[in-house]
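Inspection log for the structure reproduced underneath, given as structure tokens.
Nothing in this text is a laboratory measurement; each read-out follows from the coordinates by a stated rule. Everything numeric in this text was worked out from a predicted model, so none of it was measured. We place every Cβ from the backbone using ideal geometry, glycine too, and count neighbours over all the protein chains shown.
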Amino acid sequence: MPPLCFWRHDREYHHSSAWVATVNRLPIRTLAGFALLLAVGHAGAADKDLGREVAASCANCHGTDGRSRGAVPSLAGRDKGELVRQMREFRDGKRGSTIMQQLARGYTDSEIESAAAYFAAQKAQ
Amino acid sequence: MLGSRRDFLRAGAASIAASAVGARGSTPVSKVVVVGGGFGGATAAKYIGKWSAGSIGVTLIERGSAFVSCPLSNLVLGGSRQIADLTVPYEGLDKWGVRRITDEAQSVDPAARTVTLVGGATLPYDRLILSPGVDFIWSAVPSLNNATAQEKVLHAWKAGAQTVALRRQLEAMPDGGVFVIHVPMAPYRCPPAPYERACQVALYFSTQKKRSKVILLDANEEVQSERELFVAAWNGRYKGYVEYRPNSGLTDVDVATLTAKLDFDDVKADVLNVIPPQHAGAIARQLGMANANGRFCQVDFLTYESTVQRNIHVLGDAIQPASLMPRSGHMANQHAKVCAAAVVALLSGGEVNPLPVVANTCYSYLSDREVAHIVSVHRYDPATRTMSVVPGSGGLSPAANSEETAYAEAWAKNIWADMLG
């Protein structure tokens, strides 16, 4: 079994040399299990700190925790799937924008998922 | 009213969080002192309060009684904003448990981990966050190296009294006069701002003083940001009002005659606005932390800890940023949140985010109602231990437009609230 911290901090663990060392020592069957756990970890809400921190980088324009005080849309309390879909559409150039296409291309899928989960969990205005 | 009611409710939530912590272990265990209440320092103080839920004691040292925003301050020169519109009180930080002291940091003892204030108090810290902004290198403009000269030849590069005074000089200038702006060699605070300023002064001339003009003397070889957008404005809407002269390094000024002395030329002004070269604020330089060309502070981009002094972090315009990261209020706010998360993690036994991502957004006002943006996204690269622009991200507005003006205004309201609300 992976250590407990794997669930809580898969982001840190994933990128640490300890993770590489652990993976190199493991039999292939366990690795397949790891891959599944990684996928679950990235898609789930376990990584709340990543979501919180990526969401904080949006706050300058969209307001703290996504509660906007102006014409830039609020993100707090919005449906997670809708936010993820919109960001992917911006990134892929399928949704028109002034600035969001240029910004969205800077974020990974897991960052978008994590931030969307964070915003979805916030109370709206 | 809605805002104050919401703030009241939030304040209630903060008190509950604080008492829960109190029930667990009385007063906060760790102490963070933040020096400087600008875009970097105020944001760091708020977010450490927010993310530690009261378990870290945060003190903010700021000499000013209220925050005055540099972004949008060129609009005070243009006449479409008053300085009061850009002034935000510090009281909003109280609900995050931030202890505020109106004073100035005089010295730091890194071994004892204490900060001594001009007012005499000495504060202990576990982690110190310096967000001192920039000081001007007056020795580079010898005749301005005294207070009397600095009252006549203004910089208006720190918003507030200087901004208002420069607007008064502009209003008092006779029609047919010349408003000279000198732009220092990069790097300087906010790359597009000198060019935005030229547009705002030209806007005023184009409606109030049609025989006047702006001469923009730039020490650099070209416009440093959003070049095509600014040049289009000068050749279009402001044709005849703006003269741009690149490669115009300043050797000194003649204060009595308001003359800018260049390497091969003298330019006489009716209003002379010199933006002097800049370096990190004194408190950081005193500690030997300005280790990038003796001017700016190198930091670890995972934590914004100085590469010279342990337990001391630096934010905002005082740092030596990675390539293509501008010195801007927006960036300082982003540095602050990466730093706040790292400081909370370091003081509570957590793990520091190994791949922080930050973004920059600047809206420049080319008139009172047309703006253009420049945006970039930067992610930490573990191989080089620096921040790199994410390939394919970022860009500019294709042209100045009024569609984005409401977004620019929302940006200002939201970032001010993100640091102080």
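Give the range B:149-188 a look and list any residue that's assigned to a loop (DSSP other than H, G, I, E, B) and more than 23 Å from the chain's Cα centre (by Cα), or say none. Working first, answer last.
The initial filter retains those residues of the range B:149-188 that are assigned to a loop (DSSP other than H, G, I, E, B), namely B:153, B:155-160, B:173-177, B:184-188.
Within the range B:149-188, B:M173, B:P174, B:D175, B:G176, B:G177 qualify.
Quick check on the range A:66-90: of everything there that is of a type in the set (D, E, K, R) and at the interface with chain B (Cβ under 9 Å from one of its Cβ atoms), which residue is nearest to A:Q122 (Cα to Cα)?
At the first step, the residues of the range A:66-90 found to be of a type in the set (D, E, K, R) are A:67, A:69, A:78-80, A:82, A:85, A:88-89.
When the remaining residues are screened for being at the interface with chain B (Cβ under 9 Å from one of its Cβ atoms), the result is A:67, A:69.
Working: A:R67: 9, A:R69: 15 Å.
The qualifying residue nearest to A:Q122 (Cα to Cα) is A:R67.
Within the range B:210-223, is there a residue that is touching a Leu at 6+ places or on another chain (Cβ under 9 Å) and either farther than 29 Å from B:L324 by Cβ or among the aromatic types (F, W, Y) (or both)?
Checked against the condition, which is being touching a Leu at 6+ places or on another chain (Cβ under 9 Å) and either farther than 29 Å from B:L324 by Cβ or among the aromatic types (F, W, Y) (or both), the range B:210-223 yields no hits at all.
Which residues, taken from the range B:119-162, are within 23 Å of B:E62 (Cβ to Cβ) and without any contact (Cβ under 8 Å) to a residue 40 or more places away in the chain?
Passing the criteria: B:G119, B:G120, B:A121, B:T122, B:A147, B:Q150, B:A161, B:Q162.
Hey, can you tell me all the residues within the range B:383-408 that are over 28 Å from B:W234 (Cβ atoms), more than 7 Å from chain A (Cβ to nearest Cβ) and of a type outside the set (A, V, I, L, M)?
B:T384, B:R385, B:T386, B:S388, B:P391
Working only within the range B:37-56, note down all residues that are surrounded by fewer than 24 Cβ atoms within 10 Å (Cβ to Cβ), part of a helix (DSSP H, G or I) and of a type in the set (A, V, I, L, M, F, W, C).
Result: B:W51, single match.
Residue by residue through the range B:264-318, note down the ones that are touching a residue at least 40 places away in the same chain (Cβ under 8 Å) and acidic (D, E).
Passing the criteria: B:D270, B:D300, B:D317.
Kindly indicate whether any position in the range B:366-374 is facing another protein chain (nearest Cβ under 9 Å), within 29 Å of B:Y90 (Cβ to Cβ), part of a strand (DSSP E or B) and touching a Ser or Thr at 6+ places or on another chain (Cβ under 6 Å).
First pass over the range B:366-374, keeping only residues facing another protein chain (nearest Cβ under 9 Å): B:373.
This time we only want the ones that are within 29 Å of B:Y90 (Cβ to Cβ), so: B:373.
So of that shortlist, the ones also part of a strand (DSSP E or B) come out as B:373.
Subsequent filtering for residues that are touching a Ser or Thr at 6+ places or on another chain (Cβ under 6 Å) retains B:373.
Yes - at least one qualifying residue is present in the range B:366-374.
Limited to the range B:341-355, what total is found for residues that are within 25 Å of the chain's Cα centre (by Cα) and more than 7 Å from chain A (Cβ to nearest Cβ)?
Counting residues in the range B:341-355 that are within 25 Å of the chain's Cα centre (by Cα) and more than 7 Å from chain A (Cβ to nearest Cβ) gives 3.
Among the candidates B:G92, B:G64, B:G79, which residue alone is within 14 Å of chain A (Cβ to nearest Cβ) and either free of Cβ contacts under 8 Å to residues at least 40 places away in the same chain or within 30 Å of B:D368 (Cβ to Cβ) (or both)?
Values: B:G64 fails: within 14 Å of chain A (Cβ to nearest Cβ); B:G79 fails: within 14 Å of chain A (Cβ to nearest Cβ).
Exactly one of B:G92, B:G64, B:G79 is within 14 Å of chain A (Cβ to nearest Cβ) and either free of Cβ contacts under 8 Å to residues at least 40 places away in the same chain or within 30 Å of B:D368 (Cβ to Cβ) (or both), namely B:G92.
Scan the range B:93-102 residue by residue and report those that are surrounded by fewer than 20 Cβ atoms within 10 Å (Cβ to Cβ) and not β-branched (V, I, T). Can you show your working first?
Of all residues in the range B:93-102, those surrounded by fewer than 20 Cβ atoms within 10 Å (Cβ to Cβ) come to B:94, B:99-102.
Of everything in the range B:93-102, those that are surrounded by fewer than 20 Cβ atoms within 10 Å (Cβ to Cβ) and not β-branched (V, I, T) turn out to be B:D94, B:R99, B:R100.
Got a sec? Which strands (runs of 3 or more DSSP E) wholly within the range B:253-340 have at least 2 residues that are within 21 Å of the chain's Cα centre (by Cα)?
On the way: elements: B:259-262, B:266-268, B:271-274, B:278-280, B:312-314.
So the answer is B:271-274, B:278-280, B:312-314.
Have a look at B:W411, B:W416 and point out the one that is farther than 14 Å from B:D300 by Cα, within 12 Å of another protein chain (Cβ to nearest Cβ) and in contact with a Cys (Cβ under 6 Å, 6 or more places away or on another chain).
Working: B:W416 fails: in contact with a Cys (Cβ under 6 Å, 6 or more places away or on another chain).
Residue meeting the stated conditions: B:W411.
For the range B:367-395, what are the residues that are over 24 Å from A:R91 (Cα atoms) and of a type in the set (K, R)?
Listed by number, the residues that qualify are B:R369, B:R385.
Between B:V308, B:V299, which is away from chain A (no Cβ under 14 Å), buried (at least 24 other Cβ atoms within 10 Å of the Cβ), of a type in the set (V, I, T) and within 20 Å of B:A111 (Cα to Cα)? Walk me through it before giving the result.
Working: B:V308 fails: buried (at least 24 other Cβ atoms within 10 Å of the Cβ).
Answer to the selection: B:V299.
What about B:V352, is it farther than 19 Å from B:F67 by Cα, in contact (Cβ under 8 Å) with a residue 24 or more places away in the chain and part of a helix (DSSP H, G or I)?
Details: farther than 19 Å from B:F67 by Cα: yes; in contact (Cβ under 8 Å) with a residue 24 or more places away in the chain: yes; part of a helix (DSSP H, G or I): no.
Criteria not met by B:V352.
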